[in-house]
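The values are calculated or read from the model by the stated rules, or taken from the named source; none is laboratory data. All figures in this text were calculated on a predicted structure; none of them were measured in a lab. So basically every Cβ, Gly included, is an ideal-geometry build from the backbone, and we count neighbours across all protein chains shown. The protein model used for the area step is the full one, side chains on, heavy atoms only, and it has no ligands, DNA or RNA in it. Shrake-Rupley method; radii C 1.70, N 1.55, O 1.52, S 1.80 Å.
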Amino acid sequence: MTPAKVIMLIILSWLYPICTFGIHFILTLQLPLCGRIIEKVYCANYSITKLSCIDTSINNMYGLINLVSSTVLPVILIMYSYSIILKICLRSSKESQAKALNTCTPHLVILINFFISAFFEIVQNRFDMSHVPHEVRIFLSVYFLIIPPLINPVIYGIRTKNIRVCPLNLYTTGSLKLPSVFLCQVFFSVIADLIGGYEETGDLQYLYFIILLLVYMLTIAANTVIICVICVESSLHEPMYMFLCSLQVNGLYGSTALCPALLVNILSESHEISHTACLLQIYCLHTYGMCECLSLAVMGYDRYVSICHPLHYSTIMCPSRVYTLIALTWLFPFSVFTVMIIVTSRLPLCKRIIEKVYCDNYSVVRLSCSDITVNNVLGTISVAVMLVPPLLLVVYSYAQILRICLKSSPASRSKALNTCVPHLITVINFFVTTMFELLQSRFNMQHVPLLIRILLSVQFLILPPLLNPIIYGFRSNKLKQKVEKVLCSKLTFPSRQ
């Protein structure tokens, strides 16, 4: 990779798309248009082509060729490159493998993220996707235009030491020395008996304090509004909204167990926590995760009964059964993990450092200098009990829903899909991130970049409480109308005498 070759590749990566699409743009420009409405939030070439009132075979053919040459060839080159890298890694030492994986993981994450979202946009242009909820289509269509430009500097730039340090030293005239993972250590600074490796972060800590504070305040506001509206409006005292209310309460519980401690430690010079406070945080965060799993499973079952047994829905999901299910989603996790926390609290600890941004049960157990077999067995059983049955219930519910949808009319199918997609997105997001956190706790994940490990480990603690009110609450027209009624109602003041 000589400088001349590097410059040539950069020039080609710009000139090739500009030239190929220049021809495509000229072809599109010459089309007479009969339609005026594009059902998208931005102009796309294929959307304009579909508005034409003449034959667009040439445009479609050239567009397909252009699409193949612009996507298939790069994908083949990437697959070939990583197959060669994999072949070399299998013959190398573990240290070389870890170094190669550390280098390639950020690129792979961005690559998969971009191509999946771009593929959805291509499919949406070429096929009828009206059965997918409108908000979901819009979100995924703009995802690859917004998220990669935002994340790329973080994944690539901040992960590279030379890029990270030089501009900051220039800006601060060399007086500010930042740690090698300052974003992680400032934004997620906390929560261990003693977290080492902190360096001077300067005034950046105030920026991240404000960001986290805004996220936490928005989480509290969104969840509180949904909870209050459901409780006050008698028309919303239905099973689906009662389960939703329970989910929002759990979101408040989980975010409050994490965010205040983060906020305190961002501004604190000492990143220490007492043993009792650490155990309390373990108890709160683990019970939050368990309640979330069970709540999502119960909501999946509710959708199954509503779609597959609509005539018996009011009988099956009677008020007493709804209250029983809500009580179980709270009492069962608290009862199970009480045993776990008592066993953990009795362990004598020989170490003081937890290499995580918050206290979790297995990290504290590993600090013990006594036999932890009983703790490991109980932990494995509790994880299996809390994850496997809810996941099986969700899979069974959606398998039955899919079976019914395949036999239903397109209108019924679209209605069912519109109801289930938000829940499915949340379930997949929560269970995937939870699975990563479990794997990180049980196995050595040092080869995965620290930034990615930290972001994924806290994602299920920060994002679901923030997004659930939006995904569930504001996707329901009935609930949305009630929220708007409460928020937009005019205040009346008594007249002066």
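Tabulated values for the structure
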item	result
Hits in segment 87-100 - residues which are open to solvent by 70 Å² or more (accessible area, probe 1.4 Å) and either β-branched (Val, Ile, Thr) or closer than 22 Å to Arg453 by Cβ (or both)	Ile88, Lys94, Glu95, Lys99
Test: residue in segment 258-274 that is of a type in the set (S, T, N, Q) and closer than 22 Å to Val388 by Cβ	no
Segment 297-331 - residue that is in contact with a His (Cβ under 9 Å, 6 or more places away or on another chain) and touching a residue at least 60 places away in the same chain (Cβ under 8 Å) and, of those, farthest from Cys420 (Cα to Cα)	Met299
Ile381 closer than 26 Å to Phe139 by Cα, open to solvent by 30 Å² or more (accessible area, probe 1.4 Å) and either without any contact (Cβ under 8 Å) to a residue 60 or more places away in the chain or in contact with a strand residue (DSSP E or B) (Cβ under 7 Å, 6 or more places away or on another chain) (or both)	no
Test: residue in segment 358-370 that is touching a Cys at 6+ places or on another chain (Cβ under 9 Å) and open to solvent by 30 Å² or more (accessible area, probe 1.4 Å)	yes
Filter result for Ser408 (among the hydroxyl-bearing types (Ser, Thr, Tyr) and modelled with pLDDT of 70 or more)	yes
Condition met for Leu392 (open to solvent by 10 Å² or more (accessible area, probe 1.4 Å), touching a helix residue (DSSP H, G or I) at 6+ places or on another chain (Cβ under 9 Å), modelled with pLDDT of 80 or more and among the aliphatic types (A, V, I, L, M))	yes
Pairs, first over 22 Å from Ser13 (Cβ atoms) and open to solvent by 50 Å² or more (accessible area, probe 1.4 Å) in segment 57-69, second of a type in the set (A, V, I, L, M) and in a helix (DSSP H, G or I), C-beta under 9 Å, six or more apart	Ile58/Leu27
Check on Leu296, buried (at least 22 other Cβ atoms within 10 Å of the Cβ), at pLDDT 90 or above and either of a type outside the set (D, E, K, R) or outside any helix (DSSP H, G or I) (or both)	yes
Count - residues of segment 249-274 that are open to solvent by 50 Å² or more (accessible area, probe 1.4 Å) and polar (S, T, N, Q)	3
Output for segment 319-353, where each listed residue is part of a loop (DSSP other than H, G, I, E, B) and in contact with a helix residue (DSSP H, G or I) (Cβ under 9 Å, 6 or more places away or on another chain)	Leu347
Filter result for the condition that a residue is more than 37 Å from the chain's Cα centre (by Cα), of a type in the set (Val, Ile, Thr) and over 19 Å from Ile122 (Cα atoms), over Ile23, Ile11, Ile58	Ile23
Which numbered condition Ile326 misses (of (1) modelled with pLDDT of 90 or more; (2) among the β-branched types (Val, Ile, Thr); (3) open to solvent by 40 Å² or more (accessible area, probe 1.4 Å))	(3)
So Asn429, is it within 28 Å of Tyr362 (Cβ to Cβ), open to solvent by 40 Å² or more (accessible area, probe 1.4 Å) and either in contact with a Leu (Cβ under 8 Å, 6 or more places away or on another chain) or charged (D, E, K, R) (or both)	yes
Total residues in segment 411-442, condition touching a residue at least 40 places away in the same chain (Cβ under 8 Å) and of a type in the set (Val, Ile, Thr)	6
Any chance Ser270 is outside any helix (DSSP H, G or I) and at pLDDT below 85	yes
Search result, residues across segment 1-46 that are β-branched (Val, Ile, Thr), open to solvent by 60 Å² or more (accessible area, probe 1.4 Å) and touching a residue at least 24 places away in the same chain (Cβ under 8 Å)	Ile23, Val41
Inter-residue pairs, beta-carbon under 9 Å, first open to solvent by 50 Å² or more (accessible area, probe 1.4 Å) and in segment 397-410, second modelled with pLDDT of 85 or more and hydrophobic (A, V, I, L, M, F, W, C), 6+ apart	Arg403/Cys308
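Each row is one residue, and each column tells you yes or no for (1) at pLDDT 80 or above; (2) open to solvent by less than 20 Å² (accessible area, probe 1.4 Å); (3) closer than 26 Å to His286 by Cβ.
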{"position": "Leu424", "(1), (2), (3)": "yes, no, yes"}
{"position": "Met435", "(1), (2), (3)": "no, no, yes"}
{"position": "Arg442", "(1), (2), (3)": "no, no, yes"}
{"position": "Met445", "(1), (2), (3)": "no, no, yes"}
{"position": "Leu456", "(1), (2), (3)": "no, no, yes"}
{"position": "Asn468", "(1), (2), (3)": "yes, yes, yes"}
{"position": "Asn477", "(1), (2), (3)": "no, no, no"}
{"position": "Lys480", "(1), (2), (3)": "no, no, no"}
{"position": "Thr492", "(1), (2), (3)": "no, no, no"}
